[in-house]
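To start, the structure itself, in structure tokens.
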Amino acid sequence: SLKLILHCNYDYHSTQSNIGRSMKKVISGQIYDTRTATFIHEDWNGLSPKDFSYCREQLYRKRTGEFFVHGDGGASTRWRTRHGNAYYDGAGIRPLTNQKALQWAENHGMPADEIIEVFDISEEVSK
């Protein structure tokens with residue numbers, strides 16, 4: 001069985017506008033680390049971290065080119081953790097394919113110019 005190693009420390013760091021928890025996780029033998037990856041974009045629903053629906057996600061790119069999302073959220077979000085019969089706030093990392101990362105960027109408010117630059121999309125030239 002695959003063993004996941006999870007390290008999440010709660011000191012706050014700032015990367016551009018990104019303020020959140022740093023996390024390092026090994027998934028399928030690959031290291032995903034918010035401290036060494038390049039921060040690309042953040043989506044936050046504006047709620048307090050004390051709210052059950054609080055959700056913040058950040059898109060990152062590893063030095064090797066792979067994308068991942070680091071997220072944290074309240075007990076009613078996809079990032080929740082379960083302890084017994086109760087749900088609590090939680091955090092995690094999800095690796096993304098290039099296509100899924102592009103979809104995430106398009107669906108989470110990333111400006112078109114930034115999407116074009118990050119995903120190396122060429123603009124069509126009209127004749």
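How do the pairs read when you match residues in the stretch 111-124 that are within 19 Å of Tyr60 (Cβ to Cβ) with residues anywhere that are exposed (fewer than 12 other Cβ atoms within 10 Å of the Cβ), using Cβ under 7 Å and keeping only pairs 6 or more apart or on different chains?
From the stretch 111-124, the pairs are Ile115/Ile121; Ile116/Glu123.
Of the numbered conditions (1) open to solvent by less than 60 Å² (accessible area, probe 1.4 Å); (2) within 12 Å of the chain's Cα centre (by Cα); (3) of a type outside the set (Ser, Thr, Tyr), Arg61 fails exactly one; give the number of that condition.
Checking Arg61 against (1) open to solvent by less than 60 Å² (accessible area, probe 1.4 Å); (2) within 12 Å of the chain's Cα centre (by Cα); (3) of a type outside the set (Ser, Thr, Tyr), the one that fails is (1).
Confirm whether Arg21 is modelled with pLDDT of 95 or more and in contact with a strand residue (DSSP E or B) (Cβ under 8 Å, 6 or more places away or on another chain).
no
Return the residue satisfying two criteria in turn: it lies in the stretch 72-107 and is surrounded by fewer than 17 Cβ atoms within 10 Å (Cβ to Cβ) and at pLDDT 95 or above, and of such residues it is nearest to the chain's Cα centre (by Cα).
If we take residues in the stretch 72-107 being surrounded by fewer than 17 Cβ atoms within 10 Å (Cβ to Cβ) and at pLDDT 95 or above, then Pro95 is nearest to the chain's Cα centre (by Cα).
The values are calculated or read from the model by the stated rules, or taken from the named source; none is laboratory data. The shown structure was predicted, so the numbers you read here are calculated from the model rather than taken from an experiment. Note: ideal-geometry Cβ built from the backbone for every residue, glycine included; neighbour counts use all protein chains shown. What goes into the accessible areas is simple: the full protein's heavy atoms, side chains included, and nothing from ligands, DNA or RNA. Shrake-Rupley method; radii C 1.70, N 1.55, O 1.52, S 1.80 Å.
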